[in-house]
Amino acid sequence: IHCLSFVAQECSPGGHQFLRSPYRSVHFDSMHLQHSPFQDLICDHSLSPGWYRFLIFDRPAEMPTKCVEVNHCGTQAPIWLSLRDSETLPSPGEIKQLTACATWKFLFSAAKDCCLFQIPVFVRNCGNFFVYLLQPTQGCMGYCAQAISDAKLHPCHPDEVEIGGHCVRQLSASLPPPPPGRPEVVVELMGSRLFCRCAFEASPTNTSVGFLITWSRLSSQEIKEELKQETTVQESSLLELDGINLRLGDRIFCSASVFLLEKPHVQSLAIESQEFFAGIKLHPELSTIAEDGKEYQLKIESTVPVICSASSELGQECKISLKLKTVDQVILFWGIYDFKMSLKKIIRIPFVESKLSS
């Protein structure tokens, strides 16, 4: 028997919270809640980020690892844990970053999409139960749970492993490396091509580490779409702003986590960058300009370099064009009518800052 020198804080009684609703069961039909005036569907968009453990009627439960049908688990879009071909749940004492999927079926469609939305989830094996590092969902979705069968239940402590029917204390588990500093997205011009760079700083360690970098952007429905995932030993990653994967007007994010090269499953938490808008901004974004003879100043800012063609080197000025539209409203005394007159002007503004006079 060996003594354990490290017990994960999230495995301790105060290191996690409980999700106890029996409606989260994979066997519960959510239509019962939709037809009930007293109960609401489970929506985890307001869930506080943190470590959670599932219980169903005070019975230990785990996230299912197979696709769950829509309108189950007390919600319309149930979330389950997807294990890819080479992925497994963490062994006792281990922590892994896995992918959770939300099932959805489009209206008038006979087929369902088992993984329409993806959410990163950290899973820690505490010996006789799992805890999950969960984050709030983008919309009304709910994390699912499945009661553990009697065959899987055993009386071992979180710092023990069951071997041959006996609980044996395990050797100290590998500590996950510290997470990196918050990544930052910047744009760089390389030749005639534009690239977004995800750059961050990692804390010095005594072991060799690598980095898992994930690129994503917000869709028009405010849902994060994963664009690219890369493992590297460099503290940065590049993604081309090519008009296909990344486009002007995109709201871009990148996240980075650290893993041990000798034990890739031992990973730090993933840290996400702030939103980066790739395009042209107007400051102030909303402004009313009155026809009062005064001068008004608007600032045009581009977060990406403006690539000028070869003709600009021959004396032609490099510019961007903006279309301004004015609407006049006339009110008559004997009735109220709207008379709209549209005046479109193309104003060429040098790429720095411009002053527009009324």
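Descriptive notes on the structure:
- The stretch between Glu222 and Ser109 holds 38.4 nm of extra length on full extension. This uses 0.36 nm per residue minus the Cα-Cα distance.
- Burial order of peptide ranges 295-302, 210-217 (average beta-carbon count within 10 Å, highest first): 210-217, 295-302
- Amide H to amide H distances under 5 Å link Leu322 with Ile347, Ile349, where only residues 5 or more positions off or on other chains count and H is placed in the peptide plane.
- Cα centroid separation, segment 171-227 to segment 288-310 (Å): 33
- In sequence order, calculated HN-Hα J values of segment 93-108 (Karplus, 6.51, -1.76, 1.60; Hz; x Gly/Pro): x, 8, 10, 9, 9, 10, 10, 9, 10, 10, 8, 8, 10, 6, 4, 6
- Zero-based 10 Å bins, Cα pair distances in segment 49-104, whole percents: 20, 48, 30, 2
- Amide H within-cut-off set for Leu194, under 5 Å, with H built and near neighbours excluded: Leu241
- Amide H to amide H, with H built 1.01 Å from N, Ile148 comes under 5 Å of Ala61, Glu62, counting only residues 5 or more places away or on other chains.
- Of Lys105/Lys224; Lys224/Lys263; Lys294/Lys319; Lys228/Lys299, pairs whose Cα-Cα distance is over 23 Å: Lys224/Lys263; Lys294/Lys319; Lys228/Lys299
- Note, ³J(HN,Hα) from phi for segment 259-271, Karplus 6.51, -1.76, 1.60, rounded to Hz, x at Gly and Pro: 9, 7, 5, 6, 9, x, 6, 8, 10, 7, 5, 8, 10
- The distance between label points at Leu324 and Ala290 comes to 1.7 nm (points 7 Å beyond Cα on the Cα→Cβ vector).
- Extension gain for the segment Thr99 to Asn245, taken as residue separation times 0.36 nm less the Cα-Cα distance, is 50.4 nm to one decimal.
- Site pair Ser236 and Gln135 shows an inter-label distance of 2.4 nm when each label is modelled 7 Å from Cα along Cα→Cβ.
- 12 Å beta-carbon shell around Pro179, net charge (K/R +1, D/E -1): -1
- Approximate spin-label separation Leu189-Thr88, in nm, with each point projected 7 Å along Cα-to-Cβ: 5.2
- Percent RCO, i.e. relative contact order, over segment 184-277, from Cα pairs under 8 Å lying at least 6 residues apart: 31
- Peptide packing for 104-111, 66-73, 189-196 was compared via the average number of neighbouring C-beta atoms within 10 Å per residue; ordered from the highest value, the list is 66-73, 189-196, 104-111.
We did not get these values from a lab; they are worked out from the coordinates using the rules stated. All figures in this text were calculated on a predicted structure; none of them were measured in a lab. For neighbour counting, all protein chains shown are included, and Cβ atoms are generated from backbone atoms with ideal geometry for every residue, glycine included.
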